[in-house]
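Heads up: the structure comes next, in structure tokens.
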Amino acid sequence: MRYEAPNNTKAAATLLAAEKGKALVLAGGTDLLVRMKAGMLEPDLLVDIKHIEKMRSIAGGNAGFTIGAAVPGVEIGEHKALGKLWPGVVEAAQLIGSDQVQGRCTIVGNLCNASPAADTVPALIAAGAKVVVVGKDKRRTVAVEKVVTGPGSTSLAKAEVIESIKLPKRERSSGDAYLRFIPRTEMDIAVVGAAVNLSLSRGVVKSARVALGAVAPTALLVREAADAIIGTKLDDAALETLATACSAACNPIDDKRGTIHYRTKVAGVLGRRAALIAFDRAGGKR
Amino acid sequence: MSGAHVSTTVNGDAVQFACPNDESLLDSLRNRVGLTGVKEGCGTGDCGACSITLDDRLVCSCLVLGVEANGKQIGTVEGLADGDKLHPLQENFIKHAALQCGICTPGFLVAAKVLLERNPDPSEEEIRYALAGNLCRCTGYDKIVRAVQATAKDLRKKSKKKS
Amino acid sequence: MDVQLSGPLRAAVGNQATITVDARTIRELFRKLSEQYPDFKPLLANGVAVAINGNVYRDDWSTTIPENAEVVLLPRIQGG
Amino acid sequence: MTDSTSFTNQKFKVIGQRVRRQDGMDKVTGRAKYGADAVAPGQLVGVILRSPHAHAKIKKIDTSKAEKLKGVKAVITSKDLPDHTDGDRDLLSMLENCMARGRALYDGHAVAAIAAVDASTARKALKLIKVDYKVLPHVTDVDAAMQDDAPVIHDWVRTIGVEPAPTKGSNIPMRSEFGHGDVDAGFAKADVIIEKSYKTEQTHQGYIEPHACLASMSPDGSGELWVTTQGHFAYRNWCAQLLGLDMSKLKVTSSEIGGGFGGKTHIWMEPIALALSRKANRPVKVVMSREEVFRASGPTSSTSIDVKIGATKDGRIVAATSECRYQGGAFPGSWAVIGAMTSFACYDLENVKTVGYEVVCNRPKVAAYRAPSAPMASFATESTVDLVAEALGMDPVDFRILNAAKEGTRASYGPTYGPIGIGPTLEAVKKHPHMRAKLKKNQGRGMACGFWFNFGGQTSCTINVAADGTVNLSVGTIDVGGSRSSLSMICAEELGISYNQVRTHIGDTAALAHNDMTDGSRGTFASGMAAIIAARRTKEVLKQRAATAWEIPVEDIEWQDGHAVAIGKKHSKLEPLSLADIAANTENTGGPVAGHNEFVADGAGVSFASHICDVDVDPETGATRVIRYTVIQDAGKAIHPDYVEGQFQGGAAQGIGWALNEEYIYGEDGRLQNPGFLDYRIPVCSDLPFIDTQILEIPNPNHPYGVRGVGETSIVPPLAAVGNAVSNAVGVRMTHVPMSPPRILAALEAEE
């Protein structure tokens, strides 16, 4: 296995394109190295993107943030402006693993690992985030919900690498939240994840996006759940409709982490609870 | 497996080693640098026994490649004491019986040190969540949390005196 | 004296819960039981402990058994 | 007097203090050497190929390609481990468990092994071994394995303990029965009878240090083994027997041990490491991965238990029965026996009958786990006890106090109890402020009792006095949690010197006579008793030396506060001689001074605990948090209270993990689905509150200081304490452990 650490995105894409065998991007490595150790992955080339200056920083503000693909969770947590405007995205990023894992893991890695249970993906989808994809010859921007196509698979071409994540302009009176259910208080993979992002106008929900994780092969954007609360002050009836819509959208599996029945039920519970937090953060009063 | 020559700094000392590209930094530190205080409990980032600092960030050395350490600053449990003077955390772990078998202790000490540098006055809850990445099977964490609380108190007293 | 048996040991002595044996030490007790009940011997190899007046003796066969003592044979179990 | 082990109620100077542990410095600096930390010149890396099938015939193993790979120095299969067991079925099972002999019996069963120059070569070579399997039907569930149509795993298994003796093979190696009185007559008198069935899933000890060893064998049949173990003498004996070696030619040195809890009382890959080393004629280090630890070491039994308890209106239990079905993994064990023995050990019962069934399954061979088998039986009993109390309208603590065993009670497993602590722990529960703390909505409080036997066993130790008057104590019981410090305290107490003048070490198998393992909570009890006797013998030698120096009769000398003192007016001019004074001149008084003891430490006192637990249950998700926990346990006498508390807290934490989240999850294919700390969920720091402790000291009459074992009992009550708390919080009775969120939510929905 070769190890390369290029210092610009183009060079990374070129290395990936030139490799005849299996080439993989190494960001935080918190998933990749575990799989390599288990013998599930045997790459011929690792392209370490942590030496690419552009990918190591968080830029922007109200008009939109750009988070570099190699920024570790701990730095996302330390970014005060980001945490103020996008608390849901930040808390989702902070939920990935322990403090030790936070020192390495990245949200782009969390996305590209393509696990149905990834914590940041529902939060990013709810936020309306996009990713900047760089290939050997061209760049493109893709909505987060279009990146993962199934468990372990993405829409990225072989020579493509994600350079950054872009969060949209933040409107006034907006708030987001992400909640996940895990059996312990830490260190588990989400059994269910729910993210809600909403904006208010005169105390009424003007726009909303609701996304769920770990309840289907990919994270889901649940429009019916958002529709349930748009135009409301998040009254109990609206919340109940949202919860029902969340549960209805689920298409989960039975596995070692949870049952179909459990996930379906708890998706509604978490959707409701996340909506309440987001509403509160947006300055809403019930 | 092709390999790499790595120049790094471990506990303040310049260190060089050669390793295969797919070797974890944990294995490099244990088998090539000889720092067996860094422990492997799982190899998957779930137990924290291999905790080190990498450029002052807390990480699991099993989730870092040896080759990634090139040009970095590494801190391990072996670097905690200042000569024959133990770090206050080390003192308090002994004093408060915060270890039984001791295999998790190096990881806890490194993680707790990073915590107290970031947050000199953590609540019990903050301590518990900050140390959630370090598994201990012997103590039920009770005396570990108490040792960290005692250290935080000691260090705050000390910095008050200084200022 | 009366010797009470429990667990799988009962089966080795024809499913009796209590038998009468005269013995002054654990060694003598085991010797006599092995002579009288051929099924007892393989169980002895697996381990048998003897409770004499409530104290459990797992190893020392030289332990003496006082007169009128309560004697209970138990499987010699393992700890963690 | 010197060798007496009876309790004497002596006054202590050192015992009971909270001194600094002697291995602390090494353990906080990273210097302590564990199983994987040893290095030998020219050492090879050993790796093991494991079965991916739950049950399969091994038709052929082709190792030729692996052998040809450059850097591979030895490849072994069961052919390299010929049967030296001479008809000993248990020993043969042990050998077969270390490496499959024609059949893989569980997912993870070792099939072949390789020693190579480095890890990547070894891993590459593993992939070159071709195994031709014929997959056989498997069974992993304890109840399913007992059915007539279950695949029979060993055709030679005949159920012991049933009449008539079976002629056909089954998965039930043994039925055992305990009890006394007439349970039918007892139930006939009962006003309330509660009968309930319970299931508990398989858990693992979860020690953080994986199994690791460094083996070095020479062609002349001698060898050395550095290994993480709870019993290096047992490992020595077993490895020598399985490999056909002279025991005395194999020197086993125990490393620091990174947790064991029973899981390191059994050999796994150690004989393989030795066999690889023998074949390669080079040292071989084998370190299990975490996945290997879960798949192929010795977890505890999964169980299925029925309990029936009858009581009269006045709150007396008049009859109780239990049937304990314990899954013991791929080879016969005796785990249900212990379940049956401990089921009702806390209670004073006139009519009681308990039955145990050992069950063989296609899972790894079960090993001991802290008070092995007792937590599951206690879960079933203590849950039912709460139900009976509820049906009678009685307070569950009062109900237990009324029925608790006491001195003179005939235990349900046979013998009559001496002085015991169940009653006092329950009285302490009643008085504890925890019982009066306020609870909020969806919070509940539960309590439960637990029992463990505790063991003594074969023990030897040596005290060596150095020329400056400092002392070494060498013991042969592994220090799993701080016992070296406790033993130094004991030695200091007896010799009348300070704790810092004594240093305790673990001797290797060549340095001391045989010692049983550190299991059954025996480490400090047995080695402590041995050290007391050895120290008293050392004092006799020291007195004799003083007598020689002074040229007076030894009868005129007493040992006081670390000094030989000549008694009587005629000796008034003789200044007392300190231990150091005597030690400085031993060459003139008869040579080096030492004290030994080799004996069987019988008389371990039984131990009881009562736990109180508060939980908070989220009724919408089933998530359960333990918010307050109190352990009250009888220690007999706490030598070092910090480490007694540590045992109480650690056991409680393991029990809480078992109660809420820990379980082996097998797929339909019989493969373990969660062999890692990610999905085998042991409690993390943020899952637990502080665990309060209260040490009771009801002296064990058979120990000079009154010590009882303390290590194991604390894991027994938590399963039921948590279950009873959940029931009191949200009104559902959980009968399946772990009480994971999906199970609690399902129970809540069923209740609706």
Summed buried accessible area for D+B [probe radius 1.4 Å, Å², rounded to 100]
4000
Angle in degrees between helix A:260-281 and the longest Cα principal axis of chain A, rounded to the nearest 10
80
Cα-based equivalent ellipsoid of the protein assembly as shown: semi-axis lengths in Å, sorted from largest, via gyration tensor:
51, 37, 32
Could you give the Stokes-Einstein D for the stretch D:482-523 in µm² per second, using the C-alpha Kirkwood radius, 4 °C, 1.567 mPa s?
112
Order of A:222-233, D:642-653 by packing, highest average Cβ count within 10 Å first?
D:642-653, A:222-233
Given a 1.4 Å probe and no ligands, DNA or RNA in the count, how much accessible surface is buried by D and A, both sides, to the nearest 100 Å²?
2000
From largest to smallest, what semi-axes in whole angstrom does the stretch A:88-231 give when each is the square root of 5 times an eigenvalue of its alpha carbon gyration tensor?
24, 20, 14
Is the C-alpha gyration tensor of chain D telling us rounded, prolate or oblate? Criteria: a/c under 1.5 is rounded; beyond that, a/b larger than b/c is prolate, otherwise oblate.
oblate
0 to 90° range, to nearest 10: angle between helix A:9-18 axis and chain A longest Cα axis
60
Over the protein assembly as shown: helical MRE at 222 nm, DSSP H runs n ≥ 4 each giving -39500 (n - 2.57), nearest 500
-8500 deg cm²/dmol
Sorted on mean Cβ neighbours within 10 Å (highest first), peptides D:629-637, B:27-35, D:214-222, B:77-85 come out as D:629-637, B:27-35, D:214-222, B:77-85
Using a probe radius of 1.4 Å on heavy atoms only, what accessible surface per residue do you get for the protein assembly as shown? Whole Å² is fine.
35
Shielding by partners, peptide D:254-267 (average Cβ within 10 angstrom, other chains)
3
Could you go through the stretch D:662-675 in sequence order and give the Karplus-derived ³J(HN,Hα) for each residue, using 6.51 cos²θ - 1.76 cosθ + 1.60 with θ = phi - 60°, rounded to whole Hz, and x for Gly and Pro?
7, 6, 6, 10, 9, x, 4, 7, x, 9, 6, 8, 10, x
With the Cα gyration tensor of chain C giving a ≥ b ≥ c as the square roots of its eigenvalues, does the rule (a/c under 1.5 for rounded; else a/b larger than b/c for prolate; else oblate) give rounded, prolate or oblate?
rounded
Excluding ligands and nucleic acids, what accessible area in Å² is computed for D:Lys430 using a 1.4 Å probe, to the nearest 10?
90
Averaged over residues of B:123-135, the number of beta carbons from other chains lying within 10 Å of each residue's Cβ is 6
Using only Cα atoms, locate the centre of the stretch A:182-207 and the centre of the stretch C:37-60, then give the distance between them in Å, rounded to an integer.
63
Once each part is reduced to its C-alpha centroid, what is the distance from the stretch A:47-98 to the stretch D:507-532 in angstrom?
55
Relative contact order, percent, of chain D when contacts are C-alpha pairs under 8 Å separated by at least 6 residues?
16
In degrees, nearest ten, helix B:142-162 long axis to first principal axis of chain B (Cα)
80
Rounded to whole Å, give me the distance from the Cα center of the stretch D:446-484 to that of the stretch A:139-177.
60
To the nearest 20 debye, what is the magnitude of the charge dipole of the protein assembly as shown about its Cα centre, counting +1 on the Cβ of each Lys and Arg and -1 on the Cβ of each Asp and Glu?
3920
Trypsin sites (Lys or Arg not before Pro) restricted to DSSP loop in the stretch D:263-340 with at most 12 other C-beta within 10 Å:
D:Lys313
Considering only protein heavy atoms and a probe of 1.4 Å, how much of the accessible area of the protein assembly as shown is carbon and sulfur, as a whole percent?
49
Residue by residue through B:47-55, how many Cβ atoms from other chains fall within 10 Å of the Cβ on average?
4
Taking a ≥ b ≥ c as the square roots of the eigenvalues of the Cα gyration tensor, with a/c under 1.5 meaning rounded and otherwise prolate when a/b exceeds b/c and oblate if not, the stretch A:152-222 is oblate
Here FRET efficiency (C-beta to C-beta, B:Asn70 to D:Lys33, R₀ 30 Å, nearest 0.05) is 0.55
Run through every distinct alpha carbon pair of the stretch D:444-603 and return the Kirkwood hydrodynamic radius in angstroms, one decimal place.
16.7
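The values are calculated or read from the model by the stated rules, or taken from the named source; none is laboratory data. Not measured: the values here are computed from a predicted model. Don't worry about glycine lacking a Cβ; one is built from the backbone with ideal geometry, like all the others, and counts go over all protein chains shown. The area values use the complete protein model at the heavy-atom level, side chains included, leaving out ligands, DNA and RNA. Shrake-Rupley method; radii C 1.70, N 1.55, O 1.52, S 1.80 Å.
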